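Worksheet: one structure, shown below.
The values are calculated or read from the model by the stated rules, or taken from the named source; none is laboratory data. Please read all numbers here as calculations on a predicted model, not as lab measurements. Quick reminder, even Gly has a Cβ in these numbers, built from the backbone with ideal geometry, and neighbours come from all protein chains shown. Areas reflect the complete protein model, heavy atoms only, side chains present, ligands, DNA and RNA absent. Shrake-Rupley method; radii C 1.70, N 1.55, O 1.52, S 1.80 Å.
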Amino acid sequence: WVVFSDLHVSRSSLPTCLAVLARVHAEARARGAGVVFLGDFWHEKGILRTEPLNAVLREVRRWGADVPLIAIPGNHDQATRDGAAHALTPLALVHPRARVLDRPTILGGALWLPYRRDPAELSAAIAQAAAAEGGGGDASLDPSVVFAHTDVIGAAANDAFQCGKGLEPGAFPVRAWLGHYHRPHVVGGGGGEEAEGAATKKAGGKRKKNSTPVVVEYVGSPYQVSRAEAGQQ
């Protein structure tokens with residue numbers, strides 16, 4: 001899977017965003033891969049401008065059935081507090097193999113967590129997945145990775161501010177790839193090759209703690225979205 005996040009399509013960013021979408025499509029086709037998007041596709045909450053909407057739908061429709069897409073809404077995509085109404089619906093309508101997951105879902109060996117204002121909702125979804133796993137049975141309910149759009153305590157909101165709200169990094173039972181903050185980074189600055197796997201290992205059908213810390217990593221935006229991000233890579 002080719003993973004990206006935080007596109008923030010607007011009238012001013014449209015040319016850059018179309019170039020990003022074309023590049024993502026080309027990478028996915030070259031690798032025989034699908035595409036995962038981790039939230040904040042659009043920039044203006046509750047508003048879809050006609051010109052950007054039409055241009056984006058034309059581009060996504062070009063992807064065709066050979067490049068499947070899984071997407072979760074971010075806070076900028078959601079029009080209602082519960083996240084049920086969101087602006088990713090048009091993508092699913094024009095893409096024949098798009099799945100938009102607007103509620104916590106286990107799919108394809110992963111736990112998918114769209115944005116929720118109350119982090120307790122995400123904590124409950126993580127606990128529910130862990131409980132299903134602990135009960136044995138269906139192996140598809142045993143996520144090996146988490147994809148989410150959320151705040152994590154200690155994350156770098158920008159070069160000068162650390163997030164003080166949201167989930168604790170230790171809330172994730174397995175490796176987590178996140179959208180929401182725009183500078184690509186591992187929370188706490190840790191990670192590396194030795195932590196690429198999960199922080200837990202199977203033992204008798206259950207997970208037991210491993211000394212390797214779970215990697216919680218923000219994918220970041222594919223371009224500098226605001227002037228405050230000038231100079232960031």
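One table, with the values for the structure above:
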quantity	calculated
Residues of the stretch 96-106 satisfying the condition of being farther than 12 Å from Ala71 by Cα and surrounded by fewer than 19 Cβ atoms within 10 Å (Cβ to Cβ)	Pro96
Of all residues in the stretch 68-95 being of a type in the set (Val, Ile, Thr) and surrounded by 16 or more Cβ atoms within 10 Å (Cβ to Cβ), the one that is farthest from the chain's Cα centre (by Cα)	Ile70
Failed item in (1) of a type in the set (A, V, I, L, M, F, W, C); (2) in contact (Cβ under 8 Å) with a residue 40 or more places away in the chain; (3) open to solvent by less than 20 Å² (accessible area, probe 1.4 Å), with Leu18 passing the rest	(3)
Lone unmet requirement of (1) under 20 Å from Glu217 (Cα atoms); (2) open to solvent by 40 Å² or more (accessible area, probe 1.4 Å); (3) at pLDDT below 95; (4) not in a loop (DSSP other than H, G, I, E, B) for Ile126	(2)
Residues being open to solvent by less than 70 Å² (accessible area, probe 1.4 Å) and within 21 Å of Tyr223 (Cα to Cα) - total across the stretch 35-67	17
Residue in the stretch 55-73 that is free of Cβ contacts under 8 Å to residues at least 12 places away in the same chain and farther than 27 Å from Arg175 by Cα present	yes
Subset tally (residues that are in a helix (DSSP H, G or I) and not charged (D, E, K, R)) for the stretch 1-30	14
